[in-house]
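Undergrad: After the structure tokens below, expect a handful of questions from me.
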Amino acid sequence: MMHTISWWVLAGLIGGGLAGLPGALAGALLVAAGFEVVNRRRARRWLANPDLAHLPTVTRFWAEFLDRIRRLLRAKAGEVEAAERRLSAFLSALQQSPNGFVLLDAQGRIEWCNETAGSHFGIDLSRDQYQPITGLVRDPAFVAYFAAGNYQQETQVSGRGGSAALPQKLAVQLHVYGDGRLLLLSRDVTALAQAEAMRRDFVANVSHEIRTPLTVLTGFIETLQNLELDAAERERYLALMAGQAERMQTLVSDLLTLSRLEGSPTPGFNEWVDLPLLMHPVEDEARGLAQALAMQSGRPHELHFGPVPEVQLAGARSELRSAFSNLVGNALRYTPGGGRVDVEWSQLPDGRLEFSVTDTGPGIAAEHLPRLTERFYRVDQSRSRETGGTGLGLAIVKHVIQRHGGELRIASALGKGSRFSLVFPTNRVRAEPERV
């Protein structure tokens, strides 16, 4: 068949032996050559812009040839679509990551980043694509890290988030891949840095709090060992030693309480505590403390306990009693003799139950209020030690109320006293069942 002869063979026959062929054969060859040129032109045009749904009108040979190419192109197109789907799924997964990912070219220019990295470094791809990463992340630690070229370890830099009081800290590390490209990983370590700082402060504070009474005890013991003291002096020294030992014992007890609160499960709803019964020992303890303070100052406090609602609270009895006692005890210790402390219960308009302790003490300046529940934080160091405080009471109160799903509220102003209140959610309050 003539359509099976390639066009260059036809051209050779036409160019070399056309003159010696009969006229009919020469005409047939010319027609066949023309068809071949048309087929070639259509095939070339289709190959330049393949339409995988339709093939051009060509002879059988070209039709089979182009159909094979179409099948190959369809297979390749399917592979490309599958690869694009995988890439899209991969990039979507990176977008959901809490860590930042930035793809850099060999010159350190930004090619792509996920939203987390954008928030970490303030990158806007529509504006910053192909910009040098060091032009956006200008932290000296990162600039030096990037220039050094040794990316075996991560480094920490400042992020764009956080606040003046708690700036954001990022751990970043570069990884080389491909033909010199770089992958920049970032993760927010603000909470870890804060926890590490709190741990250091905690250890330092505990050491300081214990060292002071130990120093006093050591001095008294040396005095008792080396000096001949009369009975009155010996009794006075022993009383001071007992006071320092009690202070250390209180500190250890509060530390153990905090540790238990942080390590135990949240109180459930299987234990319901009768509020009137719970408040009896709290009031007795408060009145005993008020009497002791009155003997020291010579001016008794005016202590008032309001009526206790006949309800039950869902939670841990020991934790609740500790929180209530801490608030009342703090109010008595920090209110000068002759002042007033009111302990009240009230129901808020939304149904929640509030326990409040209001005093007429010296009050607290506004700048101290956000830090009052930090461990060992004291507004007045000397005053706190005089009253026997450990600096852990409000930290315990905060943990207790948070574990019970409530909130601690603090309102105070210098010279106007203070008000501390615990607000319990409605699901932890119920009426007392009728006693038979």
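The values are calculated or read from the model by the stated rules, or taken from the named source; none is laboratory data. Computed from a prediction, not measured in an experiment: that's the story for all the values here. Note that we place each Cβ from the backbone using ideal geometry, even for glycine, and neighbour counts take in every protein chain shown. The protein model used for the area step is the full one, side chains on, heavy atoms only, and it has no ligands, DNA or RNA in it. Shrake-Rupley method; radii C 1.70, N 1.55, O 1.52, S 1.80 Å.
Undergrad: Being buried (at least 16 other Cβ atoms within 10 Å of the Cβ) and farther than 17 Å from D274 by Cβ is the filter here; which residues of the stretch 302-311 pass it?
TA: L303
Undergrad: Okay, next question. For the stretch 114-151, enumerate the residues that are open to solvent by 80 Å² or more (accessible area, probe 1.4 Å) and either under 29 Å from A89 (Cα atoms) or in contact with a Gly (Cβ under 6 Å, 6 or more places away or on another chain) (or both).
TA: Within the stretch 114-151, E115, S126, R127, Y130, Q131 meet the criteria.
Undergrad: Out of the residues in the stretch 152-167 that are modelled with pLDDT of 90 or more and either in a strand (DSSP E or B) or of a type in the set (D, E) (or both), which is most open to solvent (accessible area, probe 1.4 Å)?
TA: Step one: of the stretch 152-167, the residues modelled with pLDDT of 90 or more are 152-157.
This time we only want the ones that are either in a strand (DSSP E or B) or of a type in the set (D, E) (or both), so: 154-157.
Numbers: E154: 82, T155: 30, Q156: 100, V157: 2 Å².
Applying the filter and picking the extreme gives Q156.
Undergrad: If you scan the stretch 35-55, which residues turn out to be among the aromatic types (F, W, Y) and under 59 Å from the mean Cα position of the chain (by Cα)? Quick ask: steps written out before the conclusion?
TA: Of all residues in the stretch 35-55, those among the aromatic types (F, W, Y) come to 35, 46.
Correct list: W46 only.
Undergrad: Could you tell me whether A197 is under 30 Å from E374 (Cα atoms) and part of a loop (DSSP other than H, G, I, E, B)? Steps first, please.
TA: Details: under 30 Å from E374 (Cα atoms): yes; part of a loop (DSSP other than H, G, I, E, B): no.
No, not satisfied.
Undergrad: Collect the residues in the stretch 199-250 that are small (G, A, S) and in contact with a Leu (Cβ under 8 Å, 6 or more places away or on another chain), keeping them in residue-number order.
TA: Of everything in the stretch 199-250, just one residue is small (G, A, S) and in contact with a Leu (Cβ under 8 Å, 6 or more places away or on another chain), namely A245.
Undergrad: Still on this structure, I have one more. Please go through the stretch 152-183 and pick out each residue that is more than 24 Å from Q95 (Cβ to Cβ) and among the acidic types (D, E).
TA: Matches in the stretch 152-183: D179 only.
Undergrad: Further, regarding this structure: Tally time: how many residues in the stretch 347-368 are within 35 Å of the chain's Cα centre (by Cα) and surrounded by 13 or more Cβ atoms within 10 Å (Cβ to Cβ)? Please lay out each step first, then the result.
TA: Going through the stretch 347-368, the residues within 35 Å of the chain's Cα centre (by Cα) turn out to be 347-358, 363-368.
From what's left, surrounded by 13 or more Cβ atoms within 10 Å (Cβ to Cβ): 347, 352-358, 363-364, 368.
Of the residues in the stretch 347-368, 11 are within 35 Å of the chain's Cα centre (by Cα) and surrounded by 13 or more Cβ atoms within 10 Å (Cβ to Cβ).
Undergrad: Restricting attention to the stretch 421-430, does a residue exist that is open to solvent by 20 Å² or more (accessible area, probe 1.4 Å), more than 24 Å from S264 (Cβ to Cβ) and either at pLDDT below 85 or over 30 Å from the mean Cα position of the chain (by Cα) (or both)?
TA: No, the stretch 421-430 contains no residue that is open to solvent by 20 Å² or more (accessible area, probe 1.4 Å), more than 24 Å from S264 (Cβ to Cβ) and either at pLDDT below 85 or over 30 Å from the mean Cα position of the chain (by Cα) (or both).
Undergrad: Looking at (1) open to solvent by less than 30 Å² (accessible area, probe 1.4 Å); (2) more than 18 Å from L91 (Cα to Cα); (3) of a type in the set (S, T, N, Q), find the lone condition where S186 falls short.
TA: Evaluating S186 over (1) open to solvent by less than 30 Å² (accessible area, probe 1.4 Å); (2) more than 18 Å from L91 (Cα to Cα); (3) of a type in the set (S, T, N, Q) leaves (2) as the failure.
Yes/no matrix, rows are residues, columns are (1) at pLDDT 90 or above; (2) open to solvent by less than 20 Å² (accessible area, probe 1.4 Å); (3) closer than 29 Å to P267 by Cα:
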| position | (1), (2), (3) |
| --- | --- |
| P300 | yes, no, no |
| N330 | yes, no, yes |
| V341 | yes, yes, no |
| P370 | no, no, yes |
| R375 | no, no, yes |
| Q381 | no, no, no |
| R385 | no, no, no |
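Undergrad: Inspect all residues belonging to the stretch 246-269 and state whether any of them is crowded, with 18+ Cβ neighbours inside 10 Å, more than 35 Å from the chain's Cα centre (by Cα) and not hydrophobic (A, V, I, L, M, F, W, C).
TA: Scanning the stretch 246-269 turns up at least one residue that is crowded, with 18+ Cβ neighbours inside 10 Å, more than 35 Å from the chain's Cα centre (by Cα) and not hydrophobic (A, V, I, L, M, F, W, C).
Undergrad: Against the definition (modelled with pLDDT of 85 or more, surrounded by fewer than 15 Cβ atoms within 10 Å (Cβ to Cβ) and of a type outside the set (S, T, Y)), how does A395 come out, yes or no?
TA: Numbers: modelled with pLDDT of 85 or more: yes; surrounded by fewer than 15 Cβ atoms within 10 Å (Cβ to Cβ): no; of a type outside the set (S, T, Y): yes.
Here the answer is no, as A395 does not meet what is asked.
Undergrad: Could you grab me the full set of residues in the stretch 91-113 that are modelled with pLDDT of 90 or more and either hydroxyl-bearing (S, T, Y) or surrounded by fewer than 20 Cβ atoms within 10 Å (Cβ to Cβ) (or both)? Before the answer, list the steps.
TA: Going through the stretch 91-113, the residues modelled with pLDDT of 90 or more turn out to be 99-113.
N99, F101, L103, D105, A106, Q107, G108, R109, E111, W112 - these are the residues of the stretch 91-113 that are modelled with pLDDT of 90 or more and either hydroxyl-bearing (S, T, Y) or surrounded by fewer than 20 Cβ atoms within 10 Å (Cβ to Cβ) (or both).
Undergrad: Identify, from the list A204, A193, A171, the residue that is surrounded by 10 or more Cβ atoms within 10 Å (Cβ to Cβ), free of Cβ contacts under 8 Å to residues at least 24 places away in the same chain, under 28 Å from H120 (Cα atoms) and of a type in the set (A, V, I, L, M). Outline the logic, then answer.
TA: Details: A204 fails: under 28 Å from H120 (Cα atoms); A193 fails: free of Cβ contacts under 8 Å to residues at least 24 places away in the same chain.
Testing whether each residue is surrounded by 10 or more Cβ atoms within 10 Å (Cβ to Cβ), free of Cβ contacts under 8 Å to residues at least 24 places away in the same chain, under 28 Å from H120 (Cα atoms) and of a type in the set (A, V, I, L, M) leaves just A171.
Undergrad: Does A63 fit the bill of being surrounded by 12 or more Cβ atoms within 10 Å (Cβ to Cβ) and modelled with pLDDT under 80?
TA: Details: surrounded by 12 or more Cβ atoms within 10 Å (Cβ to Cβ): yes; modelled with pLDDT under 80: yes.
Yes.
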